[in-house]
Amino acid sequence: MKLYVMSGKGYGKTTLSAFDAALKDAGVYNYNLITLSSIIPPGSKVIFKKRLKQPTGSYGNKLYVVKSEIRSRESGKYIGSSLGWYQLSDGRGVFVEHEEIGETEEAVKANLTEEVKKSLIDLCEFRRFPIVKKKMKMKINIAKVEDTAASTLILAVYKDEGWE
């Protein structure tokens with residue numbers, strides 16, 4: 001199974017419209033998102049993708065995702081979303097997602113990095129997965145909130161499914 005990780009940033013008059021703009025940036029704004037928890041099935045391969053290309057006829061389809069997203073209108077702050085993952089050699093593993101708001105881009109990035117690492121270690125220990133820190137993967141997306149609402153998100157996309 002191929003799982004696609006992509007990110008988006010968006011700005012709008014409201015936090016909701018900023019979130020929709022971030023979905024558009026990631027190529028997923030015309031889907032109904034169904035949020036999954038954190039489990040990566042055996043045989044999976046995680047692949048980075050700039051944005052999802054929506055096939056013709058898939059408007060309104062269900063899109064199964066693990067999602068990290070944050071929205072804010074606090075001018076001058078930095079917001080960040082992060083997605084981390086760890087996989088065993090057979091492809092199974094876990095995702096973790098964290099969000100952060102802070103005064104500087106560096107502080108937000110540092111806090112997200114630390115939280116993702118701690119969560120991955122915990123989730124691996126709970127499952128008795130051997131922990132090899134260099135196998136930890138992570139994607140971070142940060143934006144500065146200025147005169148308009150902002151949103152960042154990172155998604156791991158599992159499956160696009162119609163309603164039939």
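The set of residues in the stretch 12-52 being more than 17 Å from Leu153 (Cβ to Cβ) and either buried (at least 19 other Cβ atoms within 10 Å of the Cβ) or modelled with pLDDT under 95 (or both) consists of Ile40, Ser44. Scanning the stretch 130-161 for residues that are surrounded by fewer than 19 Cβ atoms within 10 Å (Cβ to Cβ), touching a Lys or Arg at 6+ places or on another chain (Cβ under 9 Å) and modelled with pLDDT of 95 or more yields a count of 7.
Checking each residue in the stretch 8-38 for being of a type in the set (S, T, N, Q) and under 20 Å from Lys139 (Cα atoms) picks out Thr35, Ser37, Ser38.
Per-residue answers, yes or no, for (1) over 24 Å from Leu36 (Cβ atoms); (2) among the β-branched types (Val, Ile, Thr); (3) touching a residue at least 60 places away in the same chain (Cβ under 8 Å):
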{"position": "Val66", "(1), (2), (3)": "no, yes, yes"}
{"position": "Glu99", "(1), (2), (3)": "no, no, no"}
{"position": "Ala143", "(1), (2), (3)": "yes, no, yes"}
{"position": "Ala156", "(1), (2), (3)": "no, no, yes"}
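Within the stretch 89-103, the only residue that satisfies the criterion of being within 15 Å of Thr152 (Cβ to Cβ) and either hydrophobic (A, V, I, L, M, F, W, C) or surrounded by fewer than 14 Cβ atoms within 10 Å (Cβ to Cβ) (or both) is Ile101.
What is the one condition in (1) part of a helix (DSSP H, G or I); (2) out of contact with any strand residue (DSSP E or B) (no Cβ under 6 Å at 6 or more places or on another chain); (3) of a type outside the set (Ser, Thr, Tyr) that Pro130 does not satisfy? That leaves (1) as the condition not met. May I ask you to verify whether Ile121 is more than 15 Å from the chain's Cα centre (by Cα) and without any contact (Cβ under 8 Å) to a residue 12 or more places away in the chain? For Ile121, the condition - more than 15 Å from the chain's Cα centre (by Cα) and without any contact (Cβ under 8 Å) to a residue 12 or more places away in the chain - is met.
Within the stretch 2-36, the residues that satisfy the criterion of being of a type in the set (S, T, N, Q), outside any strand (DSSP E or B) and in contact (Cβ under 8 Å) with a residue 40 or more places away in the chain are Thr14, Thr15, Ser17.
With respect to (1) surrounded by fewer than 22 Cβ atoms within 10 Å (Cβ to Cβ); (2) under 29 Å from Ile131 (Cβ atoms); (3) among the hydroxyl-bearing types (Ser, Thr, Tyr); (4) in contact (Cβ under 8 Å) with a residue 24 or more places away in the chain, the lone exception for Tyr86 is condition (1). Residues that are surrounded by fewer than 20 Cβ atoms within 10 Å (Cβ to Cβ), at pLDDT 95 or above and on the phi > 0 side of the Ramachandran plot do occur in the stretch 66-78.
With respect to the conditions (1) in contact with a strand residue (DSSP E or B) (Cβ under 6 Å, 6 or more places away or on another chain); (2) among the acidic types (Asp, Glu); (3) surrounded by fewer than 16 Cβ atoms within 10 Å (Cβ to Cβ), Glu106 falls short on a single one, namely (1).
The values are calculated or read from the model by the stated rules, or taken from the named source; none is laboratory data. The shown structure was predicted, so the numbers you read here are calculated from the model rather than taken from an experiment. Ideal geometry is used to build each Cβ from the backbone, glycine not excepted, and the neighbour counts take in all protein chains shown.
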